[in-house]
1. Could you check how many residues of the range 48-58 are assigned to a helix (DSSP H, G or I) and more than 15 Å from Gln126 (Cβ to Cβ)?
2. Can you tell me which residue among Leu51, Leu62, Leu75 is among the hydrophobic types (A, V, I, L, M, F, W, C), surrounded by 15 or more Cβ atoms within 10 Å (Cβ to Cβ) and within 14 Å of the chain's Cα centre (by Cα)?
3. Restricting attention to the range 164-223, and to residues there that are in contact with a helix residue (DSSP H, G or I) (Cβ under 8 Å, 6 or more places away or on another chain) and of a type in the set (Val, Ile, Thr), which single residue is nearest to Pro237 (Cα to Cα)?
4. Mind listing whichever residues of the range 237-257 are touching a Gly at 6+ places or on another chain (Cβ under 9 Å) and either buried (at least 20 other Cβ atoms within 10 Å of the Cβ) or not in a helix (DSSP H, G or I) (or both)?
5. Just need a number here: residues in the range 97-123 that are under 23 Å from His148 (Cβ atoms) and part of a loop (DSSP other than H, G, I, E, B).
6. When you scan the range 79-96, do you find a residue that is closer than 23 Å to Val209 by Cα and part of a helix (DSSP H, G or I), even just one?
7. Filter the range 183-231 down to the residues that are surrounded by 14 or more Cβ atoms within 10 Å (Cβ to Cβ) and among the hydroxyl-bearing types (Ser, Thr, Tyr) and list them by number.
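The values are calculated or read from the model by the stated rules, or taken from the named source; none is laboratory data. Since we're looking at a predicted model, the values are computed, not measured. Positions of Cβ are backbone-derived with ideal geometry, glycine not excepted, and every protein chain shown enters the neighbour counts.
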Amino acid sequence: MKTFTLAMLLSAAFALPSAQALAWGQEGHRITGYIAQQLLSPQAKAAVDQLIPNADFAQLALYMDQHKQELKQQLPGSDQWHYNDEPVCNGVEEDDCPNGNCASNQITRYSKVLADKSAGKAARAQALTFLLHMIGDIHQPLHAADNHDRGGNDVRVRLAGSSKVSNLHSVWDTALVQQALNGANEQSWAAQDLKYYARNIAGWQSGKVMDWINESNQYARSEVYGPLSNFSCGQAPSDVAYLDRTYQTAGAQLIKQQLAKAGARIAMVINQALQ
């Protein structure tokens, strides 16, 4: 089995983005990376530079998606570390963390690795990279929710203004993120997003991982599934849901907030681990 090395990580940091559909989309993960890096404490910045010189969080945040199949071979079950399958409806049972393979369990695990000064440099660099991605993922509401529809992947939707049929998960991963960006430079947009929510950052940097997942799950219930006219508990609808302009505008605004939250909480976890 090939082991994780710093050389692999550094080469990945400068790799061209994969064409594969990614959780939060490439734009979303890069934005959370930009925001998190701006919120690092001086001590954490110095420690990160020792682990990964000239680290670019925006690129490192893509690693788990760009190398998903490779990681699946090295770390069986790691393809499930991007989400928690929390039920959308009360009374509907879900195995939200089979064999410990879910985002909440692995975020806790790798936070401890990052904080462990006796762990090897490569192990801690890997932990940092995984945390950048997994904490970002759980702020996408459909990475904290499931309705026996593969996190919305089986829910067919059509956006107002488009004739293309897509799926609910990809809309929240990518389409609404792109609407929120509206063609802006990602790094500049991230700086503006951070400025817009500056007063909220301290309040967001609190709680446990499951608190954040439960919060995202509530958004999935109220903002993602709730407005769907064809929603039914425990199953994907057979017909195509129409997402009107109101839905899209509200979704893009929620995403703006969730990306800022994700960046703030990534920084919180890293700052605490590297204090």
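1. The total comes to 2.
2. Leu62
3. Val171
4. Across the range 237-257, the qualifying residues are Leu243, Ile255.
5. Summing the residues that are under 23 Å from His148 (Cβ atoms) and part of a loop (DSSP other than H, G, I, E, B) in the range 97-123 gives 3.
6. yes
7. Tyr197, Ser216, Tyr219, Tyr225
For every residue, the table says whether it meets (1) under 30 Å from Ala44 (Cα atoms); (2) in contact (Cβ under 8 Å) with a residue 12 or more places away in the chain.
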| site | (1), (2) |
| --- | --- |
| Leu128 | yes, yes |
| Leu131 | yes, yes |
| Gly136 | yes, yes |
| Gly152 | no, yes |
| Val157 | no, yes |
| Ser166 | no, no |
| Val177 | yes, yes |
| Ala198 | yes, no |
